[in-house]
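Q: The structure's right below; bear with me while I get my questions together.
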Amino acid sequence: MAELVPNTGNDVTLNRIPADDLHLGSFSENPPWSLAGRELIWRRPVAQLRAAQARDLPNLTRPPRLPPALRALDVARVLGPAFGTWFLRERGTERSRAGLSRRFRVAAERLGPTYIKLAQIISAGKGVFPDELVAECRKCRDQVSPVPYADIVDVVEAELGQPLHKVFRTFQPTPLAAASIAQVHTAVLRTGEEVVVKVQRPGIDSLIRRDLKVLSWLAPFLVGRIPFTALANPPALVELFAETIIEELDFRLEAANMLDIAEMFVKLGRPNFVVPRPHPTHVTKRVLVMERLHGFNFDDVAGMKAAGVDTAEVVQTAMLGFLEGAFLHGVFHGDLHGGNLFVLAGEAGRTGLGAPDEMGKRSDKLPEGQPGAAPATTARVGLVDFGITGRLSEAERLAFLRMMMTATMNDIKGQVAALRDLGALPPDTDIGAVIADLGLDKPPIDPTGMSPEELVSELQRILKALLGYGARLPKPLMLYVKNMIFLDGAIGTLAPELDMFAVVTRIATHFATAHGATIAAQLGVSPTSWEMDLEGLKAGFGVDPNETSSLTYAELQERRALIQRRLRRHRPGD
């Protein structure tokens, strides 16, 4: 069997041909195969598959009169004692949230892939779900045992319709990664191309559908009984989970997502991203063969700097590509995290990684010739795992655009209206009343200057007001917030000395100069009406606009840590 190739940042695929398909997508410069002129038969039914899933979704999340009996008993045997013990021993104490979060995580691990997947989605929702729950669910990221190799072979042979040795020269028995829905193996095709093979766990489709019925039946009984925020109440969380996970059960949809996002980057003129090519023929519902990318892990700062990669440039390019995809084309990778991004040194693309006139000069890059500095090199950001992809309707995309534009202008009314149009508030919501009830028409308050009691009281007041208006967290907004939280943390890892005011200003300036006329036409506003409100931006960060000229990410984290410490000093029982 083939040995795993070391992750050196270099592309070492065995078989290469000319890259004549770069007009179709933002792919690698040295392809294992070309998609130009190829009819992708597996792509034909994608539109019908998406429509069928949309029709099926309400049935999956409609609470049944009785859940699937055997699976319900399994779930009850695990969740019952866990929540019961919490209710009797910890509810209403200072250990309430931490205790419930820990018990949920342990229960998820015992219940298997569906519940581990739910925990993994929650683990990426810092700022969306309670911190204690997020911290516990992070422990589930590597808790899925791999499927036996013989079972994987059975799935691959059944899906591809051939014995394994007829398709692959080598196939690594030990998976490169094992997740809740599928696991990934490295292989080499008979024709010499190095690939990654994503294989769905046997029986996972039916298991998830049974589990969704159980969760849909259980969720209404948990309303008001556990201390989750209302924006992630149990029934809403089940709906969000179902909408997110159902698309992952058909790899033809994931392969189509790969092509759509690769094409989107070409339309944006951003070849500084790399999407692996799906194989022209070896894609089925349960098996996805794709080009293998080699690169640095997204948090490998030392490795990238040693190779001369500008890490500040990398994270800003990733952020800009994500925002442009969402705002201008309504499609974006929906599950950004460190395991789904790579940095490919030497894959320069045709325009490099983020031109200086777009993003400005970088302050943390060592000058060439300075001791310890590697020669400057360009790089590209590689994206993998497209099972969760954000897709916006035209109305949602325009709402996202308005949210971005009004945020840079400090237009509170416009921001609340955009959130309403995204589905976070009911369509008939009185925008003026929301602004008044939340106190958004008042000068911003510096949370670091509030006492623990004042801070908790203010958060509770805002939450109560949102509850009264029927606020919720729709899937596109959840994926957007989740990605922004990841990118926020990536700045802390890759470029903690970046000036946050400068980053936001650069991004806003880029949108205004590169896309201003298009955005103005789509939103029906005058191009001259869009003006960056830097003072309002500073106030939004909770700092004095007159006394603060810059705010690095490291300084922002210090402010956040102070707020967290004050919240921990005041922990009322839930």
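Q: Out of everything in segment 71-124 that is without any contact (Cβ under 8 Å) to a residue 60 or more places away in the chain and hydroxyl-bearing (S, T, Y), what residue ends up being farthest from D205 (Cα to Cα)?
A: This residue is T85.
Q: Okay, moving on. Here are G330, G321: which of them is buried (at least 22 other Cβ atoms within 10 Å of the Cβ), over 25 Å from K117 (Cβ atoms) and not acidic (D, E)?
A: G321
Q: Which of the residues belonging to segment 480-522 are over 26 Å from S550 (Cβ atoms) and either surrounded by 17 or more Cβ atoms within 10 Å (Cβ to Cβ) or touching a His at 6+ places or on another chain (Cβ under 6 Å) (or both)? Even if it seems obvious, please write down each step before you answer.
A: First pass over segment 480-522, keeping only residues over 26 Å from S550 (Cβ atoms): 480, 482, 515, 517-522.
Passing the criteria: Y480, K482, I519, A520.
Q: To continue, here is another question. Take the residues in segment 147-199 that are among the polar types (S, T, N, Q) and outside any strand (DSSP E or B), then tell me which one is modelled with the lowest pLDDT.
A: Once the filter is applied, the top-ranked residue is S180.
Q: Residue under question is M290, and the condition is that it be in contact with a Pro (Cβ under 7 Å, 6 or more places away or on another chain), in contact (Cβ under 8 Å) with a residue 40 or more places away in the chain and assigned to a helix (DSSP H, G or I); does it hold?
A: No; evaluated as a whole, the condition is false for this residue.
Q: Among the residues of segment 304-314, which ones are of a type outside the set (D, E) and surrounded by fewer than 24 Cβ atoms within 10 Å (Cβ to Cβ)? Step through it out loud before you land on a result.
A: The initial filter retains those residues of segment 304-314 that are of a type outside the set (D, E), namely 304-309, 311-312, 314.
Result: K305, A306, A307, G308, A312.
Q: Considering each of R560, R506, R565 in turn, give the residue that is touching a residue at least 24 places away in the same chain (Cβ under 8 Å), assigned to a helix (DSSP H, G or I) and closer than 30 Å to D300 by Cα.
A: Values: R560 fails: touching a residue at least 24 places away in the same chain (Cβ under 8 Å); R565 fails: touching a residue at least 24 places away in the same chain (Cβ under 8 Å).
After applying the criteria, what remains is R506.
Q: Can you find, within segment 260-281, the residue that is modelled with the highest pLDDT among those that are of a type outside the set (A, V, I, L, M) and in contact with a helix residue (DSSP H, G or I) (Cβ under 6 Å, 6 or more places away or on another chain)? Walk me through it before giving the result.
A: We begin by selecting, within segment 260-281, every residue of a type outside the set (A, V, I, L, M); these are 260, 263, 265, 267, 269-273, 276-281.
Restricting the remaining residues to those that are in contact with a helix residue (DSSP H, G or I) (Cβ under 6 Å, 6 or more places away or on another chain) gives 270, 272-273, 278.
Details: R270: 87, N272: 89, F273: 94, P278: 98.
Only one residue fits best here, namely P278.
Q: Still on this structure: What are the pairs, 6+ residues apart or on separate chains, where a residue within segment 242-264 that is under 24 Å from H23 (Cβ atoms) has its Cβ under 9 Å from a residue that is assigned to a helix (DSSP H, G or I) and of a type in the set (D, E)?
A: Close Cβ pairs (under 9 Å, with a partner that is assigned to a helix (DSSP H, G or I) and of a type in the set (D, E)) amount to L253/E247; E254/E247; E254/E248; N257/E247; M264/E324.
Q: Still on this structure: What number of residues within segment 300-342 are more than 24 Å from E248 (Cβ to Cβ) and either in a loop (DSSP other than H, G, I, E, B) or touching a Ser or Thr at 6+ places or on another chain (Cβ under 7 Å) (or both)?
A: Total meeting the criteria: 8.
Q: Filter segment 418-429 down to the residues that are loosely packed, with under 13 Cβ neighbours inside 10 Å and out of contact with any Gly (no Cβ under 9 Å at 6 or more places or on another chain) and list them by number.
A: The answer is P427, D428.
Q: With the condition being under 27 Å from the mean Cα position of the chain (by Cα), modelled with pLDDT under 85 and of a type in the set (A, V, I, L, M, F, W, C), I'd like the helices (runs of 4 or more DSSP H) fully within segment 399-479 carrying at least 3 qualifying residues.
A: Once the helices (runs of 4 or more DSSP H) in segment 399-479 are filtered for at least 3 residues that are under 27 Å from the mean Cα position of the chain (by Cα), modelled with pLDDT under 85 and of a type in the set (A, V, I, L, M, F, W, C), what remains is 452-468.
Q: Considering only segment 464-499, how many residues are in contact with a Phe, Trp or Tyr (Cβ under 6 Å, 6 or more places away or on another chain) and either without any contact (Cβ under 8 Å) to a residue 60 or more places away in the chain or more than 21 Å from R270 (Cβ to Cβ) (or both)?
A: Of the residues in segment 464-499, 2 are in contact with a Phe, Trp or Tyr (Cβ under 6 Å, 6 or more places away or on another chain) and either without any contact (Cβ under 8 Å) to a residue 60 or more places away in the chain or more than 21 Å from R270 (Cβ to Cβ) (or both).
Q: Can I ask one more? Can you go through E248, E243 and tell me which one is within 19 Å of the chain's Cα centre (by Cα), modelled with pLDDT under 90 and charged (D, E, K, R)?
A: One residue alone meets the criteria, E243.
Q: Still on this structure, please answer the following. Within segment 534-542, is there a residue that is part of a loop (DSSP other than H, G, I, E, B) and not acidic (D, E)?
A: Yes, there is a match, as at least one residue in segment 534-542 is part of a loop (DSSP other than H, G, I, E, B) and not acidic (D, E).
Q: Any idea which of (1) of a type in the set (A, V, I, L, M); (2) crowded, with 21+ Cβ neighbours inside 10 Å; (3) out of contact with any Phe, Trp or Tyr (no Cβ under 7 Å at 6 or more places or on another chain); (4) farther than 29 Å from R110 by Cβ is the one A182 doesn't satisfy?
A: If we test A182 against (1) of a type in the set (A, V, I, L, M); (2) crowded, with 21+ Cβ neighbours inside 10 Å; (3) out of contact with any Phe, Trp or Tyr (no Cβ under 7 Å at 6 or more places or on another chain); (4) farther than 29 Å from R110 by Cβ, just (4) comes out false.
Q: Output yes when any residue across segment 139-146 is surrounded by fewer than 18 Cβ atoms within 10 Å (Cβ to Cβ) and under 24 Å from P474 (Cα atoms), and no when none is.
A: yes
Q: OK, next. Please tell me if V134 is modelled with pLDDT of 80 or more, within 21 Å of I388 (Cβ to Cβ) and either not polar (S, T, N, Q) or not in a helix (DSSP H, G or I) (or both). First the steps, then the outcome.
A: Numbers: modelled with pLDDT of 80 or more: yes; within 21 Å of I388 (Cβ to Cβ): yes; either not polar (S, T, N, Q) or not in a helix (DSSP H, G or I) (or both): yes.
When the stated conditions are applied, V134 passes them.
The values are calculated or read from the model by the stated rules, or taken from the named source; none is laboratory data. All values reported here derive from a predicted model rather than from experimental measurement. Every residue, glycine among them, receives a Cβ derived from its backbone with ideal geometry; neighbour counts consider all protein chains shown.
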